[in-house]
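Notes for the one structure printed next.
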Amino acid sequence: MAYRHFLSLMDLSKDELQQLIARAIELKTQKTIYEPLKNKVAGMVFEKSSTRTRVSFETAMAQCGGSAIFLSPRDTQLGRGESIEDMARVLSSMVDCIIVRTDAHDKIEKFAEYSVKPVINALTDLHHPCQLLADVQTYVEHRGSIQGKKVAWIGDGNNMCHSYMEAAHQFDFELVIAHPVGYEPDANLLNKFKDHVRLSHNPEQAVTDADLISTDVWASMGQEQEQTERAKIFAAYQVNNKLMSLAKSDALFMHCLPAHRGEEVTADIIDGNQSVVWNQAGNRLHSQKALLEFLLA
């Protein structure tokens with residue numbers, strides 16, 4: 001049997017992604033017991049800390065009739081020098097999928113190369129595709145199709161930004177990335193998705209007439225030592241009332257969380273009536289149910 005992996009949004013076709021979003025919305029409203037993953041087991045190899053990703057995947061497996069085994073570096077031989085190749089071979093012979101949260105993207109690619117079961121990207125330094133499934137689902141629920149819309153990404157050209165670039169291509173929307181000099185997204189990805197992506201150093205220009213504004217913390221996991229320096233560099237990229245006022249009157253605000261109020265976003269925006277952050281976070285459960293059903297059922 002040929003198994004599919006989900007390392008980035010490019011691992012599914014445009015049609016498959018559209019179907020997955022529709023299925024996530026359908027599963028969200030399901031009231032009866034539905035257990036398509038009965039007796040299925042997910043192995044969760046998490047080398048980075050997590051709240052929403054871990055809880056949403058474990059809950060998704062449980063509610064769909066399956067189970068999940070959480071494995072931190074302290075819980076496996078991977079933390080003591082076992083090779084990824086060996087762990088992928090052994091773990092995939094026992095579980096039905098491997099969900100990996102790590103730093104370097106080539107690690108998860110190696111997991112996928114040697115695993116005989118589906119591998120899901122729960123975050124790497126290059127991509128965070130599961131978050132984008134929830135983001136697109138949330139937009140569709142509130143405003144309908146995201147096709148042809150203008151989305152503004154404000155801040156660092158990080159893994160979330162990269163997944164937004166892929167989403168712009170796969171879901172056919174315009175993405176404008178406003179970032180400080182020196183914090184641009186990956187050049188190869190930019191060239192690949194240049195038909196849907198524009199760069200700017202001017203956040204006001206980026207958000208003008210936008211349908212959706214999204215941002216992330218200024219210093220991601222592993223960059224904490226850069227926090228003070230980044231706070232100075234990114235100060236002009238805060239999402240606040242002034243910036244939101246330049247977007248369309250019905251524009252939505254999203255944040256993948258955790259958020260630092262008073263830094264990348266002000267409290268009145270993230271807690272305001274244009275914010276869909278809490279729905280966005282909750283949708284991680286439903287979009288990942290749809291993903292697990294697609295890959296495993």
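We did not get these values from a lab; they are worked out from the coordinates using the rules stated. The shown structure was predicted, so the numbers you read here are calculated from the model rather than taken from an experiment. Cβ coordinates were reconstructed from backbone atoms using ideal geometry, including for glycine residues, and neighbour counts include every protein chain displayed.
Observations on the model:
- Exposure proxy ranking, count of Cβ atoms within 10 Å, fewest first, for Y164, Y237, Y183: Y183, Y237, Y164
- Residue order, fewest to most surrounding Cβ atoms within 10 angstrom, among F111, F57: F111, F57
- Inter-part distance, region 175-251 to region 1-77, computed on C-alpha centroids, equals 29 Å.
- Helical content alone sets the calculated 222 nm signal of the chain at -12000 deg cm²/dmol, taking -39,500 (n - 2.57) per DSSP H segment of four or more residues and averaging over every residue.
- Global geometry of region 176-221, whether rounded, prolate or oblate, following the gyration tensor of its Cα atoms and the 1.5 cut on a/c: oblate
- Residues K31 and A236, FRET efficiency given R0 of 45 Å [Cβ-Cβ distance, rounded to 0.05]: 0.45
- Under 18 Å from the D250 label point (7 Å along Cα→beta-carbon), backbone N, region 106-138: 136-138
- Computed with the Debye formula from one identical point scatterer per Cα of region 18-174, without solvent, the log10 of I(q)/I(0) at q = 0.10, 0.14, 0.20 Å⁻¹ comes to -0.41, -0.79, -1.32.
- Rg ratio (alpha-carbon, reference 2.2 N^0.38 Å) - the chain: 0.98
- Förster radius 35 Å - calculated FRET efficiency between D186 and N273, Cβ distance, rounded to 0.05: 0.50
- Here the scattering of region 67-142 is modelled by Debye summation over its C-alpha atoms, one equal scatterer each and no solvent; at q = 0.16 Å⁻¹ the log10 of I(q)/I(0) is -0.62.
- Largest-first principal axis extents of the Cα set of region 106-214 (Å): 46, 35, 20
- Distance histogram in 10 Å bins (all Cα pairs of region 1-90, percent per bin): 13, 35, 39, 12, 1
- For region 199-274, convex hull of alpha carbons as volume per residue, Å³: 90
- Volume per residue of the C-alpha convex hull in region 165-297, rounded to whole Å³: 137
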